[in-house]
Structures are given as C-alpha cells and as structure tokens.
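**Student:** Quick one: structure below, then a few questions.
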Amino acid sequence: MDPYLQDRFYFLYNIPATDATFQKFLSSDGGRWLKHHPNYDVFHEASWNFENALNSQPKIHRTCRKVNHAVLRIAFLSNDESKNNMRVLAPPRNLPYSFGPFLSVYNHLIKAVELIHVKILKRLKITEEMGRERRLDLLSWIGKEIINPQESYPVFGSIQDDINPSILQANMLAGAALFGPVQLSLIDYFSSSTLSLSSYPQTRHTAAFILASWYQVNHPKEFANFFSR
C-alpha cells in the first residue's frame, strides 16, 4: 500500500475505535437492521440488488474440477458443461462458499462500510440526497468488484469464456498474482469469516480499505482532504 493511500486507510480504520455504534455492531454480530434503522433503506436496496446478481451466477456441479490457489483461499472450478467459476473458500472446511452463507457474510461487510461511510459524509457536509446516492454507488461497486471486476478475476463469479482453463489452473497452482488489491482484501475477509460462529475478524480492516480504495478513484479531491475536514 502506498503511503498516500495508507495514511487515509488508517484514518478510516481508526474511526470505529471510538464509535459506540460501530463497537455495538461488532459485538452483536451486526444484528438485524429493521425498517426503523437509519441505514436500512440503502442497505436493503444494495443487498437486494446484490442477491439478484448473485443468483444469476451458475451453480457448482459436483463434477466440477476444483483447483485451489497455492497461497490464497480461493478456488478455480470448471467442467465441460458450465462456465468456469472462481469461488472464495469458507472456513472451517475450506470449501467453496454457497450462495446463502456468502450473502450473509457480504451483508455484514456492507453494514460495516455503511457505518463508517456515514461518519465520513457528515464530515464532508454534503446534502442528504447526494449522500444517499454516494452510499448506493459505493455498495454497488463492492458487488461488482466481487462478481464482475474489470481488472481482476472475481471473488465469487463466473469467468469469461475466452480464458484457457489449463493455463489458469497452472497459475493457480503456482500461486500467481491473479487478483487486484480490492479482491485480495475481499478474499481475506470472506475466507476468515465463520458464519456459524458469527466471527468476522477482518471486518473493520476490509471496510476501511474498500472505502479508501473507492474514494481515491471516484472522489480524489475529497480523499486528499480527509484530514482537514
């Protein structure tokens, strides 16, 4: 991580340290956000859109060939009858995530992103309407970075048809650098989260890194002035 991004990442990372709402969120597994929750509408819309995108992904057949990455907890899955897929692995058995658990762990992450982002938006003093639009833009971007990133293989999604499966399998076995920084952070988050234990040790780190990465590209002027607000 370059120093410029790192400084702003740690600024975001440290916001929850003294925030009672965020600490309560972590200690209670996030809880269920009902309609009266101030972040409910944005969260619900983003989660619903992501669930639809997730359900459009091909199912994994039991005959799929599975090749784990040598370093990362993610697998390449392929067979002759379906598209090639990339799936992050779920603990404790390190098997590819299924749809339901993956959505639940995703929901936990975007709640954390929402809580930090709202704090930032208050500092930036933009209108409520603009803030809502920006929050949805960010959460939509997270979904795309998971399922259909432009400059990386996906964390959970199908792979374009023009790849050579044999070459990709060899790269997986060799531990090649196949994923972007955001995908690496997401792989670390999902592969370390144990849904059955309500354990999400990388929540704060991943949420802060996602926010920093998105602001650096999409709102560079505000990102540059985070400390002066």
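**Student:** Measuring from centroid to centroid over Cα atoms, what is the spacing of segment 84-150 and segment 151-178 in Å?
**Tutor:** 23 Å
**Student:** Around Tyr13, with a cut-off of 14 angstrom between Cβ atoms, what is the net charge of the other residues, counting Lys and Arg +1 and Asp and Glu -1?
**Tutor:** Its environment carries a net charge of +1.
**Student:** Can you compute the helix-only [θ] at 222 nm over the chain? Use -39500 (n - 2.57) per DSSP H run of at least 4 residues, normalise by all residues, nearest 500 deg cm²/dmol.
**Tutor:** That calculation yields -17500 deg cm²/dmol at 222 nm.
**Student:** OK, next. Give me Tyr106, Tyr4 ranked fewest to most by other Cβ atoms within 10 Å of their Cβ, as a rough exposure proxy.
**Tutor:** Tyr4, Tyr106
**Student:** For labels at Ile163 and Ala53 in the simple 7 Å Cα→Cβ model, what's the distance in nm?
**Tutor:** So the label points at Ile163 and Ala53 sit 1.7 nm apart.
**Student:** Shifting gears a bit: Going down the list Lys24/Lys221; Lys122/Lys144; Lys144/Lys221; Lys66/Lys144, which pairs span over 28 Å between their C-alpha atoms?
**Tutor:** Check vs 28 Å cut-off fails for Lys24/Lys221.
**Student:** Over all directions, average the projected area of the Cα convex hull of segment 82-216 and note it in nm².
**Tutor:** 9.3 nm²
**Student:** Given R₀ = 45 Å, what would the calculated FRET efficiency be for Arg65 paired with Val118, taking r from the Cβ atoms and rounding to 0.05?
**Tutor:** Efficiency, rounded to the nearest 0.05: 0.55.
**Student:** Let me ask another. Stokes-Einstein at 37 °C, 0.692 mPa s, Kirkwood radius from Cα pairs: D for the chain in µm² s⁻¹?
**Tutor:** Roughly 178 µm²/s, to the nearest whole number.
**Student:** Span-like helices, the chain: DSSP H, alpha-carbon axial extent 15 Å or more, mean Kyte-Doolittle -0.5 or greater, which ones?
**Tutor:** Both cut-offs are met by 99-124, 181-192, 203-218.
Taken together, the values in this text are just the output of simple stated rules run on the coordinates, not laboratory data. Keep in mind the model is a prediction, meaning the values are calculated, not measured. Heads up, the Cβs are rebuilt from the backbone with ideal geometry, glycines too, and the neighbour counts pull from every protein chain shown.
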